[in-house]
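One structure is given here, and the rest of the page talks about it.
The values are calculated or read from the model by the stated rules, or taken from the named source; none is laboratory data. Note that the structure is a prediction, hence the values are computed from the model and not measured. Here the Cβ positions follow ideal geometry from the backbone for every residue, glycine too, while neighbour counts run over all protein chains shown. The area values use the complete protein model at the heavy-atom level, side chains included, leaving out ligands, DNA and RNA. Shrake-Rupley method; radii C 1.70, N 1.55, O 1.52, S 1.80 Å.
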Amino acid sequence: PQLSSKLVGRAQGFYASASQVGLDFLMAMNFAFIEGKYNGSSITILGRNPVLNKVREMPVVGGSGLFRFARGYAQFSTHWLDLKTGDASVEYNVYVYHY
């Protein structure tokens with residue numbers, strides 16, 4: 001969660017409100033790798049994110065490059081969240097099958 005950690009990729013995508021009550025989002029996100037063995041590859045996740053839950057889970061629905069035909073799931077939790085600015089630090093643990 002440290003801002004000084006080595007950058008190995010970027011999270012790219014969007015989220016939209018998915019609840020009339022609470023803080024839930026529909027998220028479509030790519031993890032695009034820019035370093036090492038996975039440089040140029042990506043993993044795609046899609047699902048509902050109930051932000052205030054301690055641990056959330058979404059499916060891996062695909063990927064590109066070395067992650068072509070990827071399937072699996074991502075579990076993630078928030079390290080910190082600033083509701084005023086929308087800034088957050090989130091840890092993702094991704095479990096993936098790929099060819």
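Counting other Cβ atoms within 10 Å, keep those with at most 14, restrict to DSSP loop, and tell me which chymotrypsin sites (Phe, Trp or Tyr not before Pro) in the range 1-73 are left.
On the way: sites: Phe14, Tyr15, Phe25, Phe31, Phe33, Tyr38, Phe67, Phe69, Tyr73; in loops: Phe69.
Passing both the DSSP loop test and the Cβ count: Phe69.
Using a 1.4 Å probe on the protein chains only, how many percent of the accessible area of the chain belongs to carbon and sulfur?
Working: 3820 of 6950 Å².
Answer for the chain is 55 percent, counting heavy atoms of protein chains only.
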By a straight-distance test (C-alpha under 28 Å), which lysines pair with Lys37 as possible cross-link partners, with residues fewer than eight away in the same chain excluded? Lys6
How far is it, in nm, from the label point at Asn93 to the one at Gln75 when both lie 7 Å from their Cα along the line to the Cβ? 0.4 nm
Report the Cα centroid-to-centroid distance between the range 1-22 and the range 37-99 in angstrom, as an integer. 8 Å
Among the lysines, select those whose C-alpha is under 25 Å from the C-alpha of Lys84, and discard any that sit fewer than 8 residues away in the same chain. Lys54
For the range 1-67, which trypsin sites (Lys or Arg not before Pro) pass both filters: DSSP loop (anything but H, G, I, E, B) and at most 16 other C-beta atoms within 10 Å? Lys6, Lys54
Taking semi-axes √(5λ) of the Cα gyration tensor in Å as the quantity of interest, determine which of [x] 48, 11, 7; [y] 24, 17, 11; [z] 47, 18, 7 was computed from the displayed structure. [y]
